[in-house]
Amino acid sequence: MGSSGGHTVAIVGGSGFVGRHLLARLVSRHDIRIRALRHEGRLPGDVLERGAELVEGDLFRPASLERLLVPGCTVVNLAYVSGYDRGLEAMDNLGKACVSAGVRRMIHCSTAVVAGRVTETEVSEKTVCRPFKEYEVAKLAIEQLLVDRYGDRLEVIILRPTAVFGPGGRNLLKLMDNLTDGRRWLNYLRSCLSKHRRMNLVCVDNVVGALVWSIGHDKPVREPEVFIVSDDEDPVNDYRSVEAELMRLLGQRPYIFPVVPVPLTLLSILLRGMGRSNYNPSTVYSCRKLMESGFEKSVSVREGLADLARWYRCSRTDGGDR
């Protein structure tokens with residue numbers, strides 16, 4: 001069985017979109033023993049069948065965290081508790097439990113949008129964060145809590161993925177619905193408006209790959225590390241390229257007229273008026289640091305879109321829950 005022995009990985013938040021994909025990847029590994037905290041969400045059935053150990057509990061029940069963790073294990077946190085104070089309390093509980101149990105490494109999945117409303121066109125880990133919305137403020141505060149309180153007692157790795165997409169996720173669902181069921185003239189206008197806007201998408205397979213790489217990273221993490229996880233260097237990561245690829249994959253005919261882009265300056269004004277944190281349509285998030293540290297991606301945006309479209313078509317045919 002995939003989880004019968006080896007290094008123990010304790011997963012918090014495994015019932016979410018990224019968590020399900022991570023568990024699906026890890027259960028095939030014979031060198032990893034999986035322990036997962038289960039609260040309200042359902043975990044994939046094959047996780048149990050292939051030997052993962054489930055611990056009932058949540059981040060507000062310290063006793064359940066004590067049962068989840070074992071000395072020397074790696075913790076992967078994919079959970080987010082809404083509300084500033086409750087989110088900090090939950091992460092503090094997890095941090096305390098990790099120290100008490102003698103956990104070696106904590107990998108925390110945050111988000112690239114903690115950068116907030118920045119002036120730089122290329123955002124890196126060195127960019128000074130200016131969170132604008134409550135969600136961004138809360139996510140950055142959680143990062144700072146883990147670094148400040150536990151960075152010298154645990155190996156802390158923080159991953160900041162951009163907009164994660166893939167089978168079972170919500171990103172790009174609205175676009176696909178519009179392309180298959182919406183009004184073509186309205187889709188065309190949207191395409192003209194956003195043609196060159198960077199989408200800041202990242203394939204779920206690459207996010208999972210970065211998590212697995214962080215689990216197996218051999219070098220000791222002597223001080224907290226932060227890595228952006230993105231696919232922004234991929235040429236198929238702007239609105240029109242993504243839309244055209246999905247139209248092809250979903251069997252939608254091209255527009256009759258050429259897509260004429262609205263000036264980016266006007267689009268930036270519109271995005272700011274809509275209250276967007278990042279209103280620069282040309283912003284990219286660099287994953288150069290992660291790549292230079294030895295991580296290799298397994299999937300291109302085009303390949304990820306093909307997987308997504310295949311799942312989308314099947315879910316519509318089967319009447320499944322999207």
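The values are calculated or read from the model by the stated rules, or taken from the named source; none is laboratory data. Everything quoted here is computed from the prediction, not taken from an experiment. FYI the Cβ positions are ideal-geometry reconstructions off the backbone, even for glycines, and counts take in every protein chain you see.
The figures follow:
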item	result
Residues of the stretch 279-298 that turn out to be more than 20 Å from the chain's Cα centre (by Cα) and within 16 Å of Val114 (Cα to Cα), as a count	2
Whichever residue in the stretch 197-220 is touching a helix residue (DSSP H, G or I) at 6+ places or on another chain (Cβ under 9 Å) and part of a loop (DSSP other than H, G, I, E, B) and, among such residues, is farthest from Arg25 (Cα to Cα)	Arg197
Flag for Ala79 being aliphatic (A, V, I, L, M), out of contact with any Leu (no Cβ under 8 Å at 6 or more places or on another chain) and in the same structural domain as Leu22 (by TED's automatic domain parsing)	no
Residues located in the stretch 269-322, provided they are within 22 Å of Leu246 (Cα to Cα) and of a type in the set (Gly, Ala, Ser)	Ser282, Ser298, Ser300, Gly304, Ala306, Ala309, Ser315, Gly319, Gly320
Which numbered condition Arg105 fails, given (1) more than 23 Å from Val9 (Cα to Cα); (2) surrounded by fewer than 23 Cβ atoms within 10 Å (Cβ to Cβ)	(1)
Close pairs from the stretch 7-21: first within 15 Å of Leu94 (Cβ to Cβ) and touching a residue at least 60 places away in the same chain (Cβ under 8 Å), partner among the small types (Gly, Ala, Ser) and outside any strand (DSSP E or B), Cβ under 8 Å, at least 6 apart	Ile11/Gly19; Val12/Ala79; Gly13/Gly19; Gly13/Ala79; Gly14/Gly41
Leading residue by the ranking (farthest from His108 (Cα to Cα)) among those in the stretch 179-230 that are modelled with pLDDT of 95 or more and among the small types (Gly, Ala, Ser)	Ser191
Complete set of residues in the stretch 152-174 that are buried (at least 20 other Cβ atoms within 10 Å of the Cβ) and more than 21 Å from Ser82 (Cβ to Cβ)	Leu154, Glu155, Val156, Ile157, Phe165, Gly166, Leu172
Some residue of the stretch 188-206 being of a type in the set (Gly, Ala, Ser), closer than 24 Å to Leu305 by Cα, surrounded by 14 or more Cβ atoms within 10 Å (Cβ to Cβ) and more than 19 Å from the chain's Cα centre (by Cα)	yes
Test: residue in the stretch 267-278 that is buried (at least 16 other Cβ atoms within 10 Å of the Cβ), in contact (Cβ under 8 Å) with a residue 24 or more places away in the chain and under 19 Å from the mean Cα position of the chain (by Cα)	yes
Matching residues, the stretch 221-252, being surrounded by 20 or more Cβ atoms within 10 Å (Cβ to Cβ), charged (D, E, K, R) and in a helix (DSSP H, G or I)	Glu243
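To keep it simple, each residue is scored yes or no on (1) closer than 16 Å to Gly72 by Cα; (2) modelled with pLDDT under 90; (3) of a type outside the set (Ser, Thr, Tyr); (4) assigned to a helix (DSSP H, G or I).
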position	(1), (2), (3), (4)
Met1	no, yes, yes, no
Ser4	no, yes, no, no
Thr8	yes, no, no, no
Ile11	yes, no, yes, no
Gly14	no, no, yes, no
Arg20	no, no, yes, yes
Ser28	no, yes, no, no
Arg33	yes, no, yes, no
Glu40	no, yes, yes, no
